[in-house]
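Have a look at the structure below, then the notes.
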Amino acid sequence: MNEDIQRYNDAQLAADIEICNLLSTGINHNLTEAESKIWHAHPVWFINGNPIVGYSKLKAGIRLMFWSGADFEETDLKINTGKFKDASITYTAVEQVNLDDLARWLEKSRVIQWDYKNVVKRKGVLIRL
């Protein structure tokens, strides 16, 4: 586990720590090739420098976000909760996290990617990888 991400998780409230630890463990297990770090104050995983998945604490709970998730065709993921092609789900209890769903979404995140790494260079234009 990335030490900075573990510190982020440990800084949350007790119920949120459980959610964060479960998510980070699941992400690390399923995206072994990904690099993880705190990016814009939140845990994020990257493949070849492209942001793939991350989570953050919101008032409503812990939001798990997939940068290219709008194209996953998954009914449990809310589309366009941020910018561009993202989709997310918010958890308020660890029991809500379905590890089979997480594994499926992470596999899709590996295959379905939009090029966020170069979006600034392309002046806000996204292309599919």
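The values are calculated or read from the model by the stated rules, or taken from the named source; none is laboratory data. Because the structure is a prediction, the values reported are computed rather than measured. Methodologically, a virtual Cβ is constructed for each residue, glycine included, from the backbone with ideal geometry; neighbour enumeration extends over all protein chains shown. Note: areas computed on protein heavy atoms with side chains; ligands, DNA, RNA excluded. Shrake-Rupley method; radii C 1.70, N 1.55, O 1.52, S 1.80 Å.
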With charges set only on the Cβ (+1 for Lys and Arg, -1 for Asp and Glu), what does the dipole of region 22-100 come to about its Cα centre, in debye to the nearest 20? 480 debye
Dividing the Cα radius of gyration by the Kirkwood radius, what Rg/Rh value follows for region 8-63? 0.96
So for M1, M65, what's the accessible-area order with a 1.4 Å probe, most first? M1, M65
Counting only protein heavy atoms and using a 1.4 Å probe, what share of the accessible area of the chain belongs to carbon plus sulfur, as a whole percent? 53 percent
Of D76, D115, D86, which is the most mobile in a GNM of the chain whose springs link Cα atoms less than 10 angstrom apart? D76
Send over a whole-number figure in Å² for the accessible area per residue of region 51-95, probe 1.4 Å. 49 Å²
In µm²/s, what is D for the chain at 25 °C and 0.890 mPa s, where D = kT/(6 pi eta Rh) by Stokes-Einstein and Rh is the Kirkwood radius from Cα pairs? 167 µm²/s
If you build a Gaussian network model of the chain, linking Cα atoms that sit under 10 Å apart, which residue out of A60, A34, A103 swings the most? A60
Pairs K59/K121; K78/K123; K59/K108; K37/K121: which exceed 24 Å Cα-Cα? K59/K121; K78/K123; K59/K108
Of the candidates S109, V125, L22, the farthest towards the positive dipole end of the chain (Lys/Arg Cβ +1, Asp/Glu Cβ -1, centred on the Cα centre) is V125
Taking only Cα atoms and a 10 Å spring cutoff, compute GNM fluctuations for the chain and point out the largest among G69, G54, G26. G26
Using only the heavy atoms of the protein chains and a 1.4 Å probe, how would R122, R128 rank by accessible area, largest first? R128, R122
Paramagnetic label zone (point 7 Å from Cα along Cα-to-C-beta, R104; backbone N under 18 Å) in region 9-48: 26-27, 30-31
